[in-house]
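What follows is a short report on a single structure.
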Amino acid sequence: MSNVADSLRRGLNEALAFVERSGEANSYGVHVPETIDVKAIRLGLEMTQQEFAGHFGFSVNTLRHWEQGARQPEGPTRASLRVIEKSPQAVQEALRVK
């Protein structure tokens with residue numbers, strides 16, 4: 001397995017441990033909210049659903065489900081949405097195809 005795959009696997013396992021609160025409490029210096037207002041984030045960025053989904057790699061249907069309250073984003077996605085809310089340009093730069 002490649003180093004990238006190993007790193008991704010470790011990161012996902014750490015995120016899962018955090019969400020499930022099975023890791024050491026003092027080893028995490030972040031707070032991921034239990035719920036997040038995706039529509040407020042999108043509107044704060046003055047984007048349509050299509051623009052927001054396209055800029056940040058979400059499906060429009062998933063975005064609609066979040067905004068309508070039919071589903072709530074999972075822990076790692078809530079963390080990503082929080083970063084998008086605080087630093088949208090940094091996220092867009094990181095996700096930009098080179």
### Message
With every atom except the alpha carbons ignored, what do you get for Rg and Dmax of the chain, in angstroms?
### Response
14.7, 41
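Tell me, rounded to the nearest percent, the portion of alpha carbon pairs in segment 42-87 spaced more than 11 Å apart. Numbers along the way, then the final one.
Values: 699 of 1035 pairs.
Within segment 42-87, distances greater than 11 Å cover 68 percent of Cα pairs.
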## Note on the structure
HN-Hα couplings for segment 40-55 via Karplus (6.51, -1.76, 1.60; θ = phi - 60°), in whole Hz with x for Gly/Pro, come out as 5, 4, 4, 5, x, 8, 6, 10, 6, 4, 5, 5, 4, 4, x, 5
### Query
Full extension from Asp6 to Thr62: what is 0.36 nm times the residue separation minus their Cα-Cα distance, to one decimal in nm?
17.4 nm
### Task
Calculate how steeply helix 3-19 sits against the longest principal axis of the alpha-carbon atoms of the chain, using the helix alpha-carbon long axis, and give the answer as 0 to 90 degrees to the nearest 10.
80
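Quick note: the coordinates plus some simple rules give every number you see, no bench work behind them. Quick caveat, the model's predicted, so the values are computed rather than measured.
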